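All remarks here apply to the structure that follows.
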Amino acid sequence: MGKTYHDDPEWADIEPIPQDDGGLHPLAAIAYTEEYSEAMGYLRAVMAKNEFSQRVLGLTEHIISMNPAHYTVWLYRAKTLSEIKASLRDEIAWLNPTALKHLKNYQIWHHRQTMIDGIGSPEGEPEFISTMLEQDSKNYHVWSYRQWLVKRFDLFNDEEERRWTEGMIDADVRNNSAWNHRWFLVVGGRNGQALTEDKLKRELEFAKREVRRAPQNQSPWNYLKGIVRHQKLPTSVLKDFALEFADIRRPDDIYSSHALDLLADIYAEEEGSKEDAKKALDLLASKYDPIRAYYWNYRKNLLDQTETVA
Amino acid sequence: MAASPRRTSRSPSPLSSSPPTTAEQPPSARLEEILNSENCIEELSSASEDDLYEDMGTATLEEQANITYLEKVRIPIHDSLTTETSEAQNETLEIILPYLEGNPNDLPLNIFGIPELQRKKHIAFLQQALGDYPGAFALLDASRPWLVYWSLQGLSAMGYDISEYQDRVIHTFSLVQHPSGGYGGGFGQLPHLAATYAAVLSIIMAGGTAAYESIDREKMWHFLGEMKQPSGGFTMAAQGEEDIRGAYCALTVLSLLHIPLELPPSAPARAHGLTTFTDNLGPWISACQSFDGGMSAAPGNEAHGAYAFCALGCLSIMGPPKQTLNAHLDMSALIHWLSARQCSPEGGYNGRTNKLVDGCYSHWVGGCWPIVEAAASTPNLWNRAALTRYILSAAQFKKGGLIDKPGKRADAYHTCYNLAGLSATQHTYTYEETMLEELGGSELDAPYYWKVHGLHGGERVWGDGDVVDEVHPIFVVPFRAVHDCRRYFEDMKSFDRGIARTD
């Protein structure tokens, strides 16, 4: 039996509010353990009287240990910490092992964000995030939290952050979360600002190098196309590169369906190359990416429509 | 390199129901490859001759057809570089392939040689999901509204009459409606937009005056006003996270309950100059479109299938999809990204680039297509048959309920969203120029212009017994529930808009 409250003198002044399920039997009802049920009764009681205290922290910790997905408890805990001006550093120290135990939990990450926002420093956070990503390298909440950190503490020009992202991509070039973070850091988080010539060259070179490691990996292809679109460059700046992996004149030697896809875009933009665009799309539909045949054919039809308009 | 798929003795089906191939049936090249492969012999070396015979015996005509199909839709290019991602993908494919090739669960097959929808078993599974849970399920204590919604929607999709639950639905949610408005996950829990969304959809599925009247709309208005942020988005709870789920859930409730578009006087966003729920919302959703064309939880995050549906759903409540999607999104990039979510050769969807197939995205991504097709005025952008194969062959749990992928347990969430995805493969919907059933004509009425256009006429692999009901493309409940609800609130003239009091 875990912690109880009814026989604890510290809680003698509280009249718990038990769960009231009224007349009919509710749907998807949970037969709570006595321990959970009692703790929740005390939580409802302290919430009803807006109590913020040290003992509320203990109570919320107890309930979180039984149900870490309980947003009400997390939100009330955050409010309590703020009201009693508790040490947020202590809170982070307590939070670390809890987060590692419950990797997929939404609430923990939002709570952490609230705490670090209050502390006003990202110190130690990159290291902690790395520990988390070792367990689950594509955890959505962890990456989103990292993006928040970059924004909150303006780490956009932090070389360390960019090198770390590059390290994550090196470790698994197919980790799309790492690619997204790089985009956010270098391009996306900067209010639509165009890249300088230096940075543009650096990013294109980087993504091309990563494509060469595994040409059938879509992430760096998307990154290249994103950069070109962001800079408002013609897609044809990628033509020579795409031709390294796919050439419609050598239809049996295709090393990347994504190169064919890109070539179709390039030919579609090029004067008089509609037939080549169609050939690329036909190759995708019939051989190199047939599950998306409907989509490739749709792209083909669009070519004819633009012809009609022209 | 991608693991070469092979049938192993792990997944034999009983000889009794699968007659062995005879000499007249030409064994596929694939089968020869299997029998000649050293790997296979190694794997079978410890098996008795009977096992070997049984394994050969699984190559029915249906299986040969499946194997031929899978070869046809496979991307023939494989990079040699091995990373964590490619290892996970290869392992997963090896687990899934036997279900796409053969019939390891020994389910009855439809006329296309694909497992039939196990309707009775899935109904029984969801009925149980609405029942009691032991104490160890405390982890779900904040998600009970979801359990009710997923189960009721899944049952409805399978044509099951849920009216027997009507009173209990009303009662269940009356206990978790918060005194300050909105719904919490359980008794005494704070109001939350996810719980509120699930509660409102469950209540309107139950339907009837008592159900509609159980919702305190005026307090709901105030609660939603609290959630609206100066950025244009919505938080899920007071001091909670702001993401695209919040916007979709809030607009769903606003539209269905016909709540005024003006922010309540108490809304904190008013201090920042906002006056309506949709102020700044379109640009905020635009900022959620990521560099690869997909939609993310919040600006800057990674594109993700579930958030994509929320984003498109939200835009389709704000106005006709043809207007709102084209105004706020790069459509060609979006369609490219959505299309890339279909895994090959599995046919099911993943949620993000280079992630694994999961049955729940049958809806989150599959459900985006009716909206996108309406916005692009083009039918048939996606491979419905491939998705149907994944759902029926790989996402049905033998004992009932649907799943993420073979080897996972069934739950109400995956059951609901696999079935919604199956529905999307079978039905066609059109966005009409004129209003239906005299609904709308006022605020946030765009969702009431959708019309069921009949069964999909193209390539199909589902039999008549596998057909599930139509699902409203925006609200993911039956059309009847949507129209009855809005009609009820449309005619309500007595709603006190509160604003008047401040004028």
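Bear in mind these aren't lab numbers, they're just calculated from the coordinates by the rules spelled out. Just so it is clear, the structure is predicted and the values come from calculations on it, not from any experiment. Glycine gets a Cβ as well: all are built from the backbone with ideal geometry, and neighbour counts include every protein chain shown.
Worth a mention:
- Length-normalised contact order of chain B in % [C-alpha pairs under 8 Å, at least 6 apart]: 15 percent
- Positive minus negative residues near A:Glu244 (Lys, Arg vs Asp, Glu; Cβ under 15 Å): 0
- Distance in nm between pseudo-label sites at A:Glu205 and B:Arg480 (7 Å out along the Cβ direction from Cα): 6.6 nm
- For the range A:181-191, the Karplus equation 6.51 cos²θ - 1.76 cosθ + 1.60, evaluated at θ = phi - 60°, returns couplings of 5, 4, 4, 4, 5, 8, 10, x, x, 10, 6 Hz by residue, with Gly and Pro reported as x.
- Amide H within-cut-off set for B:Tyr133, under 5 Å, with H built and near neighbours excluded: A:Ala29, A:Ile30, A:Ala31
- Cut-off under 5 Å, modelled amide H: who pairs with B:His427 long-range: B:His456
- Under the Karplus curve 6.51 cos²θ - 1.76 cosθ + 1.60, θ = phi - 60°, whole-Hz ³J(HN,Hα) for the range A:84-95, x wherever Gly or Pro sits: 8, 6, 6, 6, 6, 4, 4, 5, 4, 4, 6, 5
- Taking amide H positions as modeled 1.01 Å from N, with prolines and chain starts lacking one, the residues under 5 Å from B:Tyr183 and 5 or more places away or on another chain are B:His178, B:His192, B:Thr196.
- Those lysines that a straight Cα-Cα span of less than 19 Å connects to B:Lys451, excepting residues fewer than 8 apart in one chain: B:Lys322
- Shape of chain B, Cα gyration tensor, a/c cut at 1.5: prolate
- Amide N of the range B:302-320 lying under 14 Å from the label point, which is placed 7 angstrom from the Cα of B:Thr276 along Cα→Cβ: B:317-320
- Chain A: most fluctuating residue of A:Val187, A:Val46, A:Val73 per GNM, C-alpha cutoff 10 Å: A:Val46
- Reachable lysines, given that their alpha-carbon falls under 22 Å from the alpha-carbon of B:Lys399 and they are not under 8 places away in the same chain: B:Lys120, B:Lys121, B:Lys408
- Built from the Cα atoms of the protein assembly as shown, the convex hull projects on average onto 37.3 nm², one quarter of its surface area.
- Violating pairs (Cα-Cα greater than 23 angstrom) within the set A:Lys201/A:Lys232; A:Lys232/A:Lys279; A:Lys101/B:Lys398; A:Lys104/B:Lys398; A:Lys225/B:Lys405: A:Lys232/A:Lys279; A:Lys101/B:Lys398; A:Lys104/B:Lys398; A:Lys225/B:Lys405
- Normalised contact order of the range A:139-233, rounded percent, pairs of Cα under 8 Å and 6 or more residues apart: 26 percent
- Cα shape, chain A, gyration tensor, a/c 1.5 rule: prolate
- Within a straight-line Cα-Cα reach of under 24 Å, A:Lys85 can be paired with the following lysines, leaving aside sequence neighbours fewer than 8 residues apart in one chain: A:Lys49.
- Residue order, fewest to most surrounding Cβ atoms within 10 angstrom, among B:Cys314, B:Cys485: B:Cys485, B:Cys314
- Net +/- balance of residues flanking B:Ile111 in space, Cβ distance below 12 Å, scoring K and R +1, D and E -1: -3
- Backbone phi angles across the range B:199-211, fed through the Karplus curve with coefficients 6.51, -1.76 and 1.60 (θ = phi - 60°), yield HN-Hα couplings of 5, 5, 5, 5, 5, 6, 5, 5, x, x, 3, 4, 5 Hz in residue order; Gly and Pro are listed as x.
- Taking the Cα centre of the range A:1-115 as reference, the dipole from Cβ charges on Lys and Arg (+1) and Asp and Glu (-1) amounts to some 720 debye.
- Arranged from fewest to most other beta-carbon atoms within 10 Å of their beta carbon, B:Ser214, B:Ser339 become B:Ser214, B:Ser339.
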